[in-house]
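The values are calculated or read from the model by the stated rules, or taken from the named source; none is laboratory data. Source: prediction; values computed, not measured. Counting neighbours? That spans all protein chains shown, and the Cβs are built from the backbone with ideal geometry, glycine included.
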Amino acid sequence: MCYYKSMKTVLKISQSLQRFSASQGGVFSIAELKNLINPANKAVLYRTLKLLEEASIIKLFCRGFYVSGDFDIQVLSQRICADSYISFGSVLAKKLIIGSVPKYRIQAVKKGQSRVYKNSEYRIEHFGIKPELFIGYENTNGVNTATAEKAFLDVLYYYQKGMKFSFDIYTDIDYSVLDRRKIKQYLLLYKNKKFVAFADGVLNA
């Protein structure tokens, strides 16, 4: 692939990526990029991807996924694991229940084993949970997001397991805006009586 032909190809693909970037949240799977590039073989595909990275058009985030400069980290989190939902401080901060949380970090709950995905700036943490507790979320524009009440319970659940947060569970959460009736309904699904007592104690402290 000569230099000028390579640059022409990169420019053409870049224009295609810009057209689709907004609807994709700036997140592209290797399969989607393959369709756009339409390479003759695998070697051409990865050579073209390398040129796109060198031109700062896309960047490899983790195995199977590339992102543009203005990508949506929540969309990326969902694309990496379909059986997951955004939770913890990310949700509580968005609902103004706590103050701000680190911008470049997303914490989510998933089915299966916990996993962490990161690059030099961003960090996506997926924490495994029992299937019966994978509840209490809504889907908006393709992204699963916990309700405020489930995010609160997820914080307590993992806090009890030793997880550290950027906020204090006793002093930094505005409990007045939480729907206590909804929390009680969720708690019916938790078989660990010690956790249920702990959640009640925090909520009524």
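Which residue pairs have Cβ atoms under 9 Å apart, sit 6 or more places apart or on different chains, and have a first residue in the range 180-205 that is outside any loop (DSSP other than H, G, I, E, B) and a second that is surrounded by 13 or more Cβ atoms within 10 Å (Cβ to Cβ) and of a type in the set (Val, Ile, Thr)?
If the second residue must be surrounded by 13 or more Cβ atoms within 10 Å (Cβ to Cβ) and of a type in the set (Val, Ile, Thr), the pairs left are Lys182/Thr147; Tyr186/Ile135; Tyr186/Thr147; Leu187/Val196; Ala199/Ile183; Val202/Ile169; Val202/Ile173; Leu203/Ile183.
What number goes with the only condition from (1) farther than 30 Å from Lys12 by Cα; (2) modelled with pLDDT of 95 or more; (3) surrounded by 19 or more Cβ atoms within 10 Å (Cβ to Cβ) that Arg79 does not pass?
Every condition holds for Arg79 apart from (1).
Those residues that are under 15 Å from Ile98 (Cα atoms), within 25 Å of the chain's Cα centre (by Cα) and surrounded by 14 or more Cβ atoms within 10 Å (Cβ to Cβ), I need them from the range 176-205; list them, please.
Residue satisfying the conditions is Leu178 alone.
With the range 1-120 as the region, which helices (runs of 4 or more DSSP H) entirely inside it contain at least 2 residues that are closer than 18 Å to Thr145 by Cα? Explain how you work it out, then say what you get.
Working: elements: 3-24, 30-37, 42-54, 73-80, 89-94.
By residue number, 73-80, 89-94.
Can you tell which of Glu121, Glu149, Glu125, Glu138 is at pLDDT 95 or above and loosely packed, with under 13 Cβ neighbours inside 10 Å? Full working, then the answer.
Working: Glu121 fails: at pLDDT 95 or above; Glu149 fails: loosely packed, with under 13 Cβ neighbours inside 10 Å; Glu125 fails: loosely packed, with under 13 Cβ neighbours inside 10 Å.
Exactly one of Glu121, Glu149, Glu125, Glu138 is at pLDDT 95 or above and loosely packed, with under 13 Cβ neighbours inside 10 Å, namely Glu138.
Kindly indicate whether Ser166 is over 27 Å from Lys191 (Cβ atoms), among the small types (Gly, Ala, Ser), free of Cβ contacts under 8 Å to residues at least 60 places away in the same chain and outside any strand (DSSP E or B). Reasoning before the result, please.
Values: over 27 Å from Lys191 (Cβ atoms): yes; among the small types (Gly, Ala, Ser): yes; free of Cβ contacts under 8 Å to residues at least 60 places away in the same chain: no; outside any strand (DSSP E or B): yes.
It is false that Ser166 is over 27 Å from Lys191 (Cβ atoms), among the small types (Gly, Ala, Ser), free of Cβ contacts under 8 Å to residues at least 60 places away in the same chain and outside any strand (DSSP E or B).
Surrounded by 13 or more Cβ atoms within 10 Å (Cβ to Cβ) and under 26 Å from Ala82 (Cβ atoms): is that true of Gly26 in this structure?
On the way: surrounded by 13 or more Cβ atoms within 10 Å (Cβ to Cβ): yes; under 26 Å from Ala82 (Cβ atoms): yes.
Considered against the rule, which asks whether it is surrounded by 13 or more Cβ atoms within 10 Å (Cβ to Cβ) and under 26 Å from Ala82 (Cβ atoms), Gly26 comes out as yes.
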